[in-house]
Amino acid sequence: MKIANFKVEEWMNNYTSYAKYDLTTTCIAPLCINELDYDKEIFNKHLDYGEIKGSKALREEIKKLYTNQELNNITTTHGAIGANQLVFLSLLEKGDEVISIVPTYQQHYSIPESLGCNVKLYFLKEENNWLPNIQELEKFISSKTKLLCLNNPNNPTGSVIPNHILFEIVELAKKYNFWILSDEVYRGLNLYGNPYSLSIADIYDKGISVGSMSKTYSLPGLRVGWVVAREDLINEINHQRQYNTISISILDDYFATIALKNKDQIENRNFKILKDNLNILKLWLNANPNFTCVLPTGGTTILLKYNQEISSKNFCYNLLKQTGVALLPGETFEMEGFVRLGYCASNLSKALNLISIYTNTY
C-alpha cells in the first residue's frame, strides 16, 4: 500500500527538535505520572497483554463521556491515530466515495486515498469562521458517498461546529445514507458554553466518534484512544485490530482509567491554562497587524494568516532559524498562506514577542 507523506508529522519530526519555543504543540502541559492518584500496587502488576477491547474499568469511564452508549459500543485503540486507521480499514473498500472536511488531520484523506477510495475535499472558509456551509457541502455529496470525515473541535482552526449545524449534517447523512466519522480528540475543550460538544455517535446511528487521552486530558504519552460506534462496526474494528494492535498496554489502560475518574480536576487545570493563554494571544493579535485569525472557540490551535509574500514552509523555516520559534506551515494542512500556532505552550508570551520582532524586521 502506497500512501502520501504525512506532512504534519514529517515537519515536526524534522524541525521541532531545533526549537527553543515549540508552538507546534497541540497538547496542554502534559501531566506527570506522579500527578495521578495511582496505587503503588501497580508496580506489582504482571506486564501481560491487556484486555482486547480495553479493560471494563476504562470503558466504563469512557462511556460516561457519552449519553447514549453501552460498553459494546466502545473499543480502545493505540491513540486516536490508531482509532482513525481502524475505522477506515473496517469500513472502506476500493472505489468508495469519501468526503473529508478540510483543513484537518491528514489521516482523514490520505488513508482513504491509499485504499483506492474516491476522495473529495470540502474546504472550510475563513470568511465563514471555518464552519461548514450546508448548501455548499451538499454539492459534494452523491448517492455513492460512503463516509464523511470531520474534526470537531477542529485542528488547526480552533472552530467548533454549533449543534444546529451538526444536526443539519446528520440530516444530510440520513438523506444520502452515509457514515460520519467525527474525530473528537479536542472534545471537552470548548471555550464557550458546554465544554463538551455533542458527540456524533450520540446523535446518529451511523455516527462514529473517535476520542483520545492526548489533548483534553493532557496524557499524549499514554497512547490511548477509542472508537465509539454501533456494535456491528465495533465488532469489525475488533476483527481488524487483531492484525495490528491486539491490545493497548495494561499500564496505559490503568493510568487512563485513573485520569478519567479524576477528569474534573484535569479539566479545571487545563481550562485555566487555555483561558490565560488565549488572553495573551488576543493582546498579541491586537498589537500585531501583520497577522490575522478567526479566534478559536475550542481546541488548542489557531490558523494564523500572515501578510508576507513567502511560502508557509519558508516562513516557518526562516522564523525557526532566526528566533528558535517553531510554527507549523499551513501547506501541511493544504492551507498555503497560513501557519498553525498552538497557543497552550508554557512559553507563549516570549515566543509571540520573538515572532513580532521577526516580522517587524523582515
Note on segment 198-244: alpha-carbon gyration tensor, axes a ≥ b ≥ c; rule is a/c under 1.5 for rounded, else prolate if a/b larger than b/c, else oblate; result oblate
Non-local amide H neighbours of Leu328 (under 5 Å, H modeled in plane, Pro and chain starts lacking H): which ones?
-> Arg340
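How do 293-301, 352-360, 55-63 rank on mean C-beta neighbours within 10 Å, highest first?
Details: 293-301: 22.8, 352-360: 17.0, 55-63: 19.1.
Highest mean packing first, the order is 293-301, 55-63, 352-360.
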For segment 284-362, just the Cα set please: Rg and Dmax, both in angstrom.
-> 11.6, 32
Relative contact order of segment 210-361, defined on C-alpha pairs under 8 angstrom at six or more residues apart (%) | 17 percent
Point-charge dipole on Cβ atoms (K/R +1, D/E -1) for segment 207-362, about Cα centre, debye to 20 | 520 debye
Bridge orientation stat for segment 118-251 from DSSP, antiparallel percent rounded to 5, came to 30 percent
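So what are segment 255-311's ellipsoid semi-axes, whole angstrom, largest first, if each one is the square root of 5 times an eigenvalue of the alpha-carbon gyration tensor? Walk me through the intermediate numbers first.
Working: eigenvalues 211, 35, 10 Å².
Each semi-axis is the square root of five times an eigenvalue, giving 32, 13, 7 Å.
If you average over every viewing direction, what projected area does the convex hull of the Cα atoms of segment 221-349 give, in nm²? Let's see the in-between values first.
Details: hull surface 45.4 nm².
Over all viewing directions, segment 221-349 projects a mean Cα-hull area of 11.4 nm².
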Between Lys261 and Ser142, the two model label points (7 Å from Cα along the beta-carbon direction) sit apart by a distance in nm of 5.2 nm
Structure-based [θ]222 nm, the chain - -39500 (n - 2.57) summed over DSSP H runs of at least 4, per residue, nearest 500 = -11500 deg cm²/dmol
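Filter the GluC sites (Glu not before Pro) in segment 297-354 to those in DSSP coil with at most 10 other Cβ atoms within 10 Å of their Cβ, and list the result. It would help to have the intermediate numbers written out before the result.
Working: sites: Glu309, Glu331, Glu334, Glu336; in loops: Glu309, Glu334, Glu336.
Here the sparse-neighbourhood loop sites are Glu309.
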Backbone HN-Hα couplings from phi across segment 64-75 [Karplus 6.51/-1.76/1.60, Hz, Gly and Pro as x] = 5, 7, 10, 10, 9, 10, 10, 4, 6, 8, 10, 9
Once every Cα of the chain carries one equal point scatterer and solvent is ignored, give the base-10 log of I(q)/I(0) from the Debye formula at q = 0.09, 0.12, 0.15 Å⁻¹, two decimals.
-> -0.50, -0.90, -1.37
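So what's segment 35-191 giving for Rg/Rh, alpha carbon basis, Kirkwood Rh from the mean inverse pair distance? Each step should come with its number before you reach the end.
Numbers: Rg = 18.0 Å, Rh = 17.6 Å.
Here Rg/Rh amounts to 1.03.
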The chain - charge dipole about Cα centre, Lys and Arg +1 at Cβ, Asp and Glu -1, debye rounded to 20 = 520 debye
In whole percent, the Cα-Cα distances of segment 1-72 spread across 10 Å bins from 0 upward as 12, 23, 26, 35, 4
Residues of segment 111-125 with amide nitrogen under 18 Å from the 7 Å Cα-to-Cβ point of Lys2?
-> 111-119
Residues in segment 36-52 near a label at Arg269, defined as backbone nitrogen under 11 Å from the 7 Å Cα→Cβ point?
-> 36-37
Zone of Leu47's modelled label, taken as backbone nitrogen in segment 241-280 under 18 Å from a point 7 Å along Cα→Cβ | 246-256
Taking every Cα atom in segment 24-128, find the radius of gyration and the maximum pairwise distance Dmax, and write them in Å.
-> 18.6, 56
Anchor Lys282: lysines whose Cα lies under 27 Å away (excluding residues fewer than 8 positions away in-chain) = Lys20, Lys125, Lys215, Lys272, Lys305, Lys313, Lys321, Lys350
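Going by the alpha-carbon gyration tensor, a ≥ b ≥ c the square roots of its eigenvalues, is segment 316-362 rounded (a/c under 1.5) or, if a/c is not under 1.5, prolate (a/b greater than b/c) versus oblate? Display every interim value, and only then the final one.
Numbers: a/c = 2.08, a/b = 1.27, b/c = 1.63.
Oblate is the answer for segment 316-362, as a/c is 1.5 or above yet b/c matches or exceeds a/b.
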Assigned charges on the beta-carbon of Lys, Arg, Asp, Glu; segment 183-271 dipole about Cα centre (debye) = 280 debye
Which whole-Hz ³J(HN,Hα) couplings does segment 9-18 yield from phi under the Karplus relation 6.51 cos²θ - 1.76 cosθ + 1.60, θ = phi - 60°, glycine and proline marked x?
-> 5, 5, 4, 5, 5, 7, 10, 5, 5, 8
Compute the projected area of the convex hull of the Cα atoms of segment 90-145, averaged over all viewing directions, and report it in nm² to one decimal place.
-> 4.1 nm²
With 5 Å bins from 0: P(r) over segment 136-262, alpha-carbon pairs, percent | 2, 9, 18, 20, 20, 16, 9, 5, 2, 0
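Values quoted throughout were computed directly from the atomic coordinates according to the rules given, and no laboratory measurement underlies them. Please read these numbers as outputs of a predicted model, since none were measured by experiment. Positions of Cβ are generated from backbone atoms using ideal geometry, with glycine treated the same way; all protein chains shown enter the neighbour counts.
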